[in-house]
Amino acid sequence: MLVIKCCLPGCFVHAQMVDTKATRETQHLYKNLQSSLQKGIIFGHQDDMAYGVHWKYQHGRSDIKEVTGEYPGVFGWELGHLEIDARVNLDSVPFKKMKQYICTAYENGAVITISWHLNNPLTGKSAWDPSPANTVRSILPGGEKNDLYKSWLDKVASFFNNLKGKKGEYIPVIFRPYHELNGSWFWWGGKNCTPQEVIALWRYTVAYLRDTKNIHQLLYAFNTDRFATEAEYLERYPGNEWVDIVGFDIYQKGAILPNDQFITELDKSLTMLEKIAASKNKIPALTEFGYNTVPDPGWWTNVFLKALGQHRIAYVLAWRNAGKKSTGETEFYVPYKGQQSADDFKIFSEEKRIFFEHRTKQQKLYQ
Ligand code: BMA
């Protein structure tokens with residue numbers, strides 16, 4: 001690995017990091033995630049401390065902890081609606097509480113990753129509003145919504161700058177905007193803009209946060225949805241100097257029977273991802289995954305663990321345990337106590353190569 005020494009004593013900058021001025025803790029996180037690839041896979045969960053299938057905002061609770069005895073090692077959070085000055089995010093998590101959860105997890109040595117399902121800046125509707133097709137163009141320099149977009153990035157920047165550790169240091173965050181960009185369900189994805197436009201948006205966003213706002217505590221995660229070929233994966237890749245972590249999102253759908261199909265697909269996709277990561281000197285991660293309501297009691301060891309096999313990826317992030325939603329649908333991706341896959345999840349959590357809270361903490365990722 002190419003490491004450029006900088007002139008400050010004790011400081012090292014990895015040539016391939018997006019931000020050559022990354023804070024010390026961020027550099028450490030990057031380096032340690034890279035070396036942890038040889039040791040194991042950190043298990044993560046979205047909104048873990050905020051709510052579970054049968055509870056909301058109860059101090060110290062976590063569906064994962066109630067099944068395994070430990071918190072996860074990666075905590076995912078979401079900024080959607082911060083841009084419109086809402087008190088709570090699009091999944092009703094108060095931003096104030098989110099900041100506290102982030103600080104607690106960081107002090108405990110865990111990894112923080114943040115996604116952003118920002119509204120469509122042209123229509124004011126949700127991230128899932130793909131119309132009209134020129135939304136991406138409208139927020140780039142020269143576009144009618146560029147000032148609005150900059151004001152949104154200013155809010156994101158102050159959110160990051162409000163996340164500080166006990167010594168006043170900025171908390172490093174793996175920022176994961178514009179995900180699943182090979183699909184057409186978000187205004188930034190698929191047929192809703194050209195690859196060149198979304199690449200320009202990615203670079204503009206990174207440069208604005210890093211160079212204009214002087215945010216130096218971020219690692220940038222690029223991730224597609226499920227993908228069939230390396231060419232598909234790379235079609236919207238913004239370039240090595242703009243990405244720290246490469247990943248993809250994948251969900252098992254439908255009946256329990258086609259499990260083998262899912263193992264094969266996940267295994268194949270992880271192989272492609274590792275190859276891409278190795279050739280570009282990036283850190284691979286499974287940025288979102290799950291099987292909604294985990295209806296297969298043995299899914300964790302019979303399917304997921306088998307698919308992970310000997311793959312070397314830094315972390316996996318299970319999506320949120322929303323429980324019963326206002327739409328009437330039920331959504332959760334890790335078991336709660338008593339759920340039919342809970343016993344199997346406990347066995348899965350005891351695998352040496354899968355890191356939850358304690359083994360993640362032992363990695364001393366920020367030192
Ligand atoms: C989706 C679902 C939604 C949620 C969105 C953003 O996958 O979980 O309920 O609003 O993610 O977090």
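The values are calculated or read from the model by the stated rules, or taken from the named source; none is laboratory data. This one's a predicted model, so the numbers in the text were calculated from it and none came from an experiment. Virtual Cβ from ideal backbone geometry, glycine too; neighbours counted across all protein chains shown. When the accessible area is computed, the model is the full protein with side chains, heavy atoms only, and any ligands, DNA or RNA have been set aside. Shrake-Rupley method; radii C 1.70, N 1.55, O 1.52, S 1.80 Å.
Kindly establish whether V88 is in contact with a strand residue (DSSP E or B) (Cβ under 7 Å, 6 or more places away or on another chain) and either crowded, with 17+ Cβ neighbours inside 10 Å or at pLDDT 95 or above (or both).
Spelling it out, V88 is indeed in contact with a strand residue (DSSP E or B) (Cβ under 7 Å, 6 or more places away or on another chain) and either crowded, with 17+ Cβ neighbours inside 10 Å or at pLDDT 95 or above (or both).
Looking at the stretch 115-130, is at least one residue within 19 Å of the chain's Cα centre (by Cα), under 28 Å from T26 (Cα atoms) and part of a strand (DSSP E or B)?
So far as the stretch 115-130 goes, yes, one or more of its residues are within 19 Å of the chain's Cα centre (by Cα), under 28 Å from T26 (Cα atoms) and part of a strand (DSSP E or B).
For the stretch 305-340, which positions are within 11 Å of the ligand (Cβ to nearest atom), assigned to a loop (DSSP other than H, G, I, E, B) and not aromatic (F, W, Y)?
R320, N321, A322, K325, S326, T327, E329
Within the stretch 270-297, can you find the residues that are open to solvent by 10 Å² or more (accessible area, probe 1.4 Å), in contact with a strand residue (DSSP E or B) (Cβ under 8 Å, 6 or more places away or on another chain) and in a helix (DSSP H, G or I)?
E274, K280
Any residue in the stretch 272-286 that is away from the ligand (no atom under 16 Å from the Cβ), touching a His at 6+ places or on another chain (Cβ under 8 Å) and free of Cβ contacts under 8 Å to residues at least 40 places away in the same chain?
Yes, the conditions are met somewhere in the stretch 272-286.
Let's see how each residue does on (1) touching a Leu at 6+ places or on another chain (Cβ under 9 Å); (2) at pLDDT below 95; (3) open to solvent by less than 10 Å² (accessible area, probe 1.4 Å); (4) within 17 Å of L82 (Cα to Cα):
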| site | (1), (2), (3), (4) |
| --- | --- |
| S126 | yes, no, no, yes |
| P132 | yes, yes, no, no |
| P141 | no, no, no, no |
| F159 | yes, no, yes, yes |
| K166 | no, no, no, no |
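In the stretch 11-66, which residues are among the acidic types (D, E) and either farther than 25 Å from K167 by Cα or open to solvent by less than 30 Å² (accessible area, probe 1.4 Å) (or both)?
Result: D19, D47, D48, D63, E66.
Quick check on K155: is it in a helix (DSSP H, G or I) and within 26 Å of D225 (Cβ to Cβ)?
no
Can you name the number of the only condition in (1) open to solvent by 60 Å² or more (accessible area, probe 1.4 Å); (2) over 21 Å from M17 (Cβ atoms) that D249 fails?
In the conditions (1) open to solvent by 60 Å² or more (accessible area, probe 1.4 Å); (2) over 21 Å from M17 (Cβ atoms), D249 misses (1) alone.
Which members of the stretch 298-321 meet the condition of being more than 17 Å from Q252 (Cα to Cα) and open to solvent by less than 10 Å² (accessible area, probe 1.4 Å)?
I313, A314, Y315 - these are the residues of the stretch 298-321 that are more than 17 Å from Q252 (Cα to Cα) and open to solvent by less than 10 Å² (accessible area, probe 1.4 Å).
Yes or no: I215 among the hydrophobic types (A, V, I, L, M, F, W, C), out of contact with any strand residue (DSSP E or B) (no Cβ under 9 Å at 6 or more places or on another chain) and surrounded by 18 or more Cβ atoms within 10 Å (Cβ to Cβ)?
No.
Considering only the stretch 123-155, how many residues are among the hydrophobic types (A, V, I, L, M, F, W, C) and either within 16 Å of the ligand (Cβ to nearest atom) or free of Cβ contacts under 8 Å to residues at least 60 places away in the same chain (or both)?
Here the count works out to 3.
So that you can scan it fast, the table gives a plain yes or no per residue for (1) at pLDDT below 95; (2) among the hydroxyl-bearing types (S, T, Y); (3) within 16 Å of the ligand (Cβ to nearest atom); (4) within 25 Å of I354 (Cβ to Cβ):
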| residue | (1), (2), (3), (4) |
| --- | --- |
| R24 | no, no, no, no |
| L37 | no, no, no, yes |
| G44 | no, no, yes, yes |
| K56 | no, no, yes, no |
| E78 | no, no, yes, yes |
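Quick check on the stretch 193-210. Is at least one of its residues within 16 Å of the ligand (Cβ to nearest atom), open to solvent by less than 10 Å² (accessible area, probe 1.4 Å) and at pLDDT 95 or above?
No: the stretch 193-210 contains no residue that is within 16 Å of the ligand (Cβ to nearest atom), open to solvent by less than 10 Å² (accessible area, probe 1.4 Å) and at pLDDT 95 or above.
Could you grab me the full set of residues in the stretch 168-179 that are open to solvent by less than 60 Å² (accessible area, probe 1.4 Å) and assigned to a strand (DSSP E or B)?
Residues satisfying the conditions are V173, I174, F175, R176, P177.
Pull out all pairs, ordered by first then second residue, where Cβ-Cβ is under 6 Å, the residues are six or more apart or on different chains, the first lies in the stretch 305-326 and is basic (K, R), and the second is assigned to a loop (DSSP other than H, G, I, E, B) and within 16 Å of the ligand (Cβ to nearest atom).
R320/D47
In the stretch 102-124, what count of residues is obtained for those that are surrounded by fewer than 19 Cβ atoms within 10 Å (Cβ to Cβ) and among the hydroxyl-bearing types (S, T, Y)?
2
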